[in-house]
Amino acid sequence: MSGFPTTRLRRLRRTGVLRDLVRETEIRSSDLIYPLFVSEDEEGRCPIASMPDVDRLSLGELSREAAAAWAEGIRAVLLFGIPSVRDETGSAARAADGIVQRAVLALKEENPELVVITDVCLCEYTSHGHCGLVRDGEVLNDDTLELLAAQAVSHARAGADLVAPSDMMDGRVGAIRAALDEEGFHETGILSYAVKYASSFYGPFREAVDSAPAFGDRRGYQMDSANVLDALREVALDIEEGADILMVKPALPYLDVLRRVKETFGMPTAAYQVSGEYAMIRAADERGWLDGPSAMMEAAVAIRRAGADLVITYAARDLARRLS
Ligand code: PBG
C-alpha cells in the first residue's frame, strides 16, 4: 500500500458532488419517527419551555401536525398521551376513549397510510409517576404486565400499527404479544424499548408530560448507563418474546451500544434521540454557540452510521425539510 503523496484522501472531498458520490451513510425522511404529545386538556398548542418548537397538542392540532409532517415526507409518528385524570393504577392508559386511543382513531381515519406507533407505559397516567404498579413503595413487575397488555390491546383496537412499551418491566414484550394475539391483533407489531437506560437526558420530557416520579427514581427498572452486556441480554430476551423492532435509548451518548445491538442481532433497530439530546442542541443554538440545524443533522447521521435503521427525533420535521 502506497501512502502520501500517491494517496490523497482529500481528492474525493473537493466538491459536494464528489462527497455525495462516496458518502457511506444515507438518511431519508422515511427513516425518521416523529414523537408527538397529545393532551386531553389542551385547547390548542401549549409550548414546552425546555423543548423549543415542541408543543403539547390538542386532538385537532395533532391532526394538523401529523398531516404537515406527512406532507414533508415523514411516514411514522410516536404518540404520547397526557390524560386529564391520573390515579394509582393509571386507568386512563387503557380506557377505550382515552386520549391516545382517540388520537390513533383520528389519525388512522384521516390517513390510513401514516404509521402510528404508541408509547405503552404507565408513568404518564399514574398519580405517583412510576412506570408500573406501586405497593409499599415498590414498583411491582408481574402485576404491572397485565395492565401494560391491556393498554397495548386498547391501542391496537384503535388501530395502532405498532405498540412501543417503554416501562422496562421484565417479560412485558411476551405479555403484550400474547394479549395481542389472543385478541386477534396478529398484525400489530411491537417496537420494544429494549435498551432503555436510567438517564438524566429525559429531563425535558418529564416536564412535557409531568411524569417525574413522586418518590425515588427509575433506576430500579431502567438500565445502568455503565452496562452494555446487560443491553445485549435485554435485546435477546425481547426478540425471544416477540419484538419486531428494537430500540436503543438515549441515542448519541450510547452509540457504542447501538452498534453492538445492530451487529449482534441484525434486527430492525431504532434509536431515540431523547428530549435532553434535543434540548442541548437547541439551547446551544439559542445562545449562538453552535449552528443548531447542522448539529441536529450531524447527530442524526451519526445515529444512522452507528447502526440505527430508524431515528426517533423531535427534530424530524426540520430534518425532513433539509433533506428534501
Ligand atoms: C415513559 C417514557 C420516557 C421517555 C419515553 N417514554 C420517560 C422516562 O422513562 O422517564 C423519554 C423520552 C424523552 O426524553 O424524549 N416511560
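The values are calculated or read from the model by the stated rules, or taken from the named source; none is laboratory data. Small disclaimer: the values here were computed from a predicted structure and weren't measured. Every residue, glycine among them, receives a Cβ derived from its backbone with ideal geometry; neighbour counts consider all protein chains shown. For accessibility, only protein heavy atoms count, side chains too; no ligands or nucleic acids. Shrake-Rupley method; radii C 1.70, N 1.55, O 1.52, S 1.80 Å.
Among the residues here, VAL115 does not qualify as open to solvent by less than 40 Å² (accessible area, probe 1.4 Å) and at pLDDT 95 or above. All of ALA243, ALA271, ALA302, ALA279 fail the test of being open to solvent by less than 30 Å² (accessible area, probe 1.4 Å) and assigned to a loop (DSSP other than H, G, I, E, B), apart from ALA243. Hey, could you check the stretch 147-177 for residues that are open to solvent by 10 Å² or more (accessible area, probe 1.4 Å) and among the charged types (D, E, K, R) and say which is farthest from the ligand (Cβ to nearest atom)? If we take residues in the stretch 147-177 being open to solvent by 10 Å² or more (accessible area, probe 1.4 Å) and among the charged types (D, E, K, R), then ARG157 is farthest from the ligand (Cβ to nearest atom).
All but one of (1) surrounded by 10 or more Cβ atoms within 10 Å (Cβ to Cβ); (2) more than 27 Å from ALA283 (Cβ to Cβ) hold for ARG11; which doesn't? Evaluating ARG11 over (1) surrounded by 10 or more Cβ atoms within 10 Å (Cβ to Cβ); (2) more than 27 Å from ALA283 (Cβ to Cβ) leaves (1) as the failure.
Of everything in the stretch 179-211 that's of a type in the set (S, T, N, Q) and outside any loop (DSSP other than H, G, I, E, B), which residue is farthest from ALA243 (Cα to Cα)?
Applying the filter and picking the extreme gives SER200.
Total residues in the stretch 199-246 satisfying the condition of being within 30 Å of THR188 (Cα to Cα) and polar (S, T, N, Q): the figure is 3. Within the stretch 305-324, which residues are surrounded by fewer than 23 Cβ atoms within 10 Å (Cβ to Cβ) and not in a helix (DSSP H, G or I)? Within the stretch 305-324, ALA306, GLY307, ASP309, LEU310, SER324 qualify.
Given the stretch 21-86, what strands (runs of 3 or more DSSP E) lie entirely inside it while holding 1 or more residues that are in contact (Cβ under 8 Å) with a residue 12 or more places away in the chain and surrounded by 19 or more Cβ atoms within 10 Å (Cβ to Cβ)?
On the way: elements: 32-39, 45-47, 55-57, 76-82.
Fully inside the stretch 21-86 and qualifying: 32-39, 55-57, 76-82.
The residues of the stretch 206-217 that are within 9 Å of the ligand (Cβ to nearest atom) and buried (at least 16 other Cβ atoms within 10 Å of the Cβ), listed by number, are ARG206, ALA208, VAL209, SER211, PRO213. Counting residues in the stretch 196-205 that are away from the ligand (no atom under 16 Å from the Cβ) and out of contact with any strand residue (DSSP E or B) (no Cβ under 6 Å at 6 or more places or on another chain) gives zero.
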